[in-house]
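A.B. asks: Quick one: structure below, then a few questions.
The values are calculated or read from the model by the stated rules, or taken from the named source; none is laboratory data. The structure presented is a predicted model; accordingly, all values stated were derived computationally and were not measured. Neighbour counts are summed over all protein chains in view; Cβ atoms, including those assigned to glycine, are modelled from backbone coordinates with ideal geometry.
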Amino acid sequence: MKLNLSEVPYYSVYEGEVVVAEGFNDANSKFNVNRLHKLKVRQPQSLYDHAYLERFNALQNQKPVQMIVAAGPFTSRGDLLYDGLQELMARVRQEMPHVLMLMGPFVDGMNEDVKSGNICFRNSTGQLEFLDFNDLFSKVMEYIKSELSVLKVKTKLVLVPSAREIHHMNPLP
């Protein structure tokens, strides 16, 4: 919905920001704003005290935390075979990191098959399945989860979406 902010004396907002707007609708399908309210941001809290960090360090046997960070897309531009993701997961099986951080896109809006709507995924039996965007994302996540479940180390997974994700709306620019 478009906002008419001409009656607000001063403001600073960005696309996707969550605000509370007081006002009224007019016939031009705009919302005439009289006042804007922003959410209060809490002060950051200390996550861990020194004693906890010392105990964690002792549990790690004074060794550093191993982490693998990878950014997508995990497919080539012309297919949805996810060869890059398969190679990465082979590396994860070999290295067995404590943390795996994957940054999207996982279902890339710039992929030629996604653009054309020809979305298929080769399942574990080798057959092609035709899927929608959400189902493809779910299949990719199931694959990652199954690969991590066989590791001897409990690898923590951190997912960071991309602005190029096709299966969900972007909250921020």
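A.B. asks: Regarding Leu80, is this residue modelled with pLDDT of 85 or more and assigned to a loop (DSSP other than H, G, I, E, B)? Give the derivation first.
C.D. replies: Values: modelled with pLDDT of 85 or more: yes; assigned to a loop (DSSP other than H, G, I, E, B): yes.
For Leu80, the condition - modelled with pLDDT of 85 or more and assigned to a loop (DSSP other than H, G, I, E, B) - is met.
A.B. asks: Which ones in region 94-105 are touching a residue at least 12 places away in the same chain (Cβ under 8 Å) and out of contact with any helix residue (DSSP H, G or I) (no Cβ under 7 Å at 6 or more places or on another chain)? Walk me through it before giving the result.
C.D. replies: Within region 94-105, the subset touching a residue at least 12 places away in the same chain (Cβ under 8 Å) is 95-105.
Selection gives Glu95, Met96, Pro97, His98, Val99, Met101, Leu102, Met103, Gly104, Pro105.
A.B. asks: So, Val92, is that one part of a helix (DSSP H, G or I), over 12 Å from Glu147 (Cβ atoms) and of a type outside the set (Gly, Ala, Ser) or not?
C.D. replies: Values: part of a helix (DSSP H, G or I): yes; over 12 Å from Glu147 (Cβ atoms): no; of a type outside the set (Gly, Ala, Ser): yes.
So Val92 fails the test.
A.B. asks: Would a scan of region 60-74 turn up a residue that is closer than 30 Å to Asn111 by Cα, out of contact with any Lys or Arg (no Cβ under 9 Å at 6 or more places or on another chain) and part of a loop (DSSP other than H, G, I, E, B)?
C.D. replies: Checking region 60-74: at least one residue is closer than 30 Å to Asn111 by Cα, out of contact with any Lys or Arg (no Cβ under 9 Å at 6 or more places or on another chain) and part of a loop (DSSP other than H, G, I, E, B).
A.B. asks: Shifting gears a bit: Given the conditions (1) assigned to a helix (DSSP H, G or I); (2) of a type in the set (Phe, Trp, Tyr); (3) farther than 23 Å from Lys156 by Cβ, and given that Phe56 satisfies all but one, which numbered condition is not satisfied?
C.D. replies: Unmet condition: (3).
A.B. asks: For Pro97, all conditions in the list (1) in a loop (DSSP other than H, G, I, E, B); (2) over 20 Å from Val65 (Cβ atoms) hold save one; what is the number of the exception?
C.D. replies: Every condition holds for Pro97 apart from (2).
For (1) touching a residue at least 60 places away in the same chain (Cβ under 8 Å); (2) aliphatic (A, V, I, L, M); (3) under 20 Å from Ala163 (Cα atoms); (4) loosely packed, with under 13 Cβ neighbours inside 10 Å, each residue gets a yes or a no:
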| position | (1), (2), (3), (4) |
| --- | --- |
| Val8 | no, yes, no, no |
| Asp26 | no, no, no, yes |
| Tyr48 | no, no, no, yes |
| Arg55 | no, no, no, yes |
| Thr75 | no, no, yes, no |
| Leu80 | no, yes, yes, no |
| Val107 | yes, yes, yes, no |
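A.B. asks: Further question on the same structure: Within region 50-70, which residues are in contact with a Pro (Cβ under 9 Å, 6 or more places away or on another chain) and at pLDDT 90 or above?
C.D. replies: Gln66, Met67, Ile68
A.B. asks: Filter region 22-70 down to the residues that are touching a helix residue (DSSP H, G or I) at 6+ places or on another chain (Cβ under 9 Å) and polar (S, T, N, Q) and list them by number.
C.D. replies: Gln66, the sole residue that qualifies.
A.B. asks: Which of the residues spanning region 123-173 are among the aliphatic types (A, V, I, L, M) and assigned to a loop (DSSP other than H, G, I, E, B)?
C.D. replies: Step one: list which residues in region 123-173 are among the aliphatic types (A, V, I, L, M), which gives 128, 131, 136, 140-141, 144, 148, 150-151, 153, 157-160, 163, 166, 169, 172.
Of everything in region 123-173, those that are among the aliphatic types (A, V, I, L, M) and assigned to a loop (DSSP other than H, G, I, E, B) turn out to be Leu131, Val150, Leu151, Val153, Ala163, Ile166, Met169, Leu172.
A.B. asks: All but one of (1) closer than 22 Å to Leu157 by Cα; (2) not in a strand (DSSP E or B) hold for Tyr14; which doesn't?
C.D. replies: (1)
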